[in-house]
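Since the structure comes first, as structure tokens, the remarks are kept for the end.
The values are calculated or read from the model by the stated rules, or taken from the named source; none is laboratory data. Predicted model only: the values in this text are computed from it and were never measured. Cβ sites come from the backbone with ideal geometry, for glycine too, and all protein chains shown count toward neighbours. We work out accessible area using only protein heavy atoms, side chains counted, and drop any ligands, DNA or RNA first. Shrake-Rupley method; radii C 1.70, N 1.55, O 1.52, S 1.80 Å.
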Amino acid sequence: MKIIPAIDLKDGKCVRLLQGKFDEVTVYYDNPELAALRWQAEGAEVLHVVDLDGAKEGRLINLSSIKKIREVFYGTIEVGGGIRKIEDIELLLNSGVDRVILGTLLAHNPDFVKEVCKRFPGRIIAGIDAKDGFVAVKGWVEVTDLKATELALRMQDYGVWGIIYTDISRDGMLTGPNIEATEVLVEAVTIPVIASGGVSSIEDIKRLAKIKNLWGVITGKAIYSGAINLKEAIEMVNAIK
């Protein structure tokens, strides 16, 4: 299982939002590439980068910061946040990003998802946000009557590389991940699943590492606050293998 640091971008800076609220912002790095260098030095092989301004506006905004991160980080970079157009996907891939995350479009524009999966095989990730097992869209504002596992199976059929599964009730709250819901999703599909939301301690990582076939886990606030030492967590997971 990979432990994947999150770098959330707002106004070109590395920040965290509390439960997606734009007025609850903590700035960690004015230059996000410094965060990338730090996590790389501690053993990260994959980075999860989110363009928060892009998520709000529905278009790519923090491309220059993403390019700076790409210049210094040698591993895999996945990027999401308001990506709605093929042109934005192409811009990111041409800038050296390895995989692009689509979110709100998954439920609202399935034809687009099918098209980009064919056009960019192995480069598209489905970001599924859920609350109580049901898909949430539009920046977590709207909870649908579509089950997360149902959407995940549909995305697998479309040809996405994998799924990032976020329990939105846990995200940024350091309350621990939803192990049960994550396990249900992992068992439902055969493509990689990355867990996200609520990881607050090394114990949470241990519990997630016990989920058979879970590909990775994203952690943000916990590594920035010092609740989790990334290097120690990576070493612990590698020792479990």
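Among the helices (runs of 4 or more DSSP H) lying completely within the stretch 130-240, list those that include at least 3 residues that are of a type outside the set (Ser, Thr, Tyr) and open to solvent by 20 Å² or more (accessible area, probe 1.4 Å). Steps first, please.
Working: elements: 148-158, 179-188, 202-209, 221-225, 230-240.
Ranges flagged: 148-158, 179-188, 202-209, 230-240.
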- Note on the structure: Expected output for the stretch 136-155 (first residue modelled with pLDDT under 90, partner part of a loop (DSSP other than H, G, I, E, B) and open to solvent by 10 Å² or more (accessible area, probe 1.4 Å), Cβ below 7 Å, 6+ apart or cross-chain) is 136/168; 137/104; 138/104; 139/20; 140/20; 140/168
- Residue in the stretch 56-90 that is most open to solvent (accessible area, probe 1.4 Å), counting only those that are polar (S, T, N, Q) and assigned to a helix (DSSP H, G or I): 64
- Sort through 93, 106 and tell me the only one that's touching a residue at least 40 places away in the same chain (Cβ under 8 Å) and surrounded by 15 or more Cβ atoms within 10 Å (Cβ to Cβ). 106
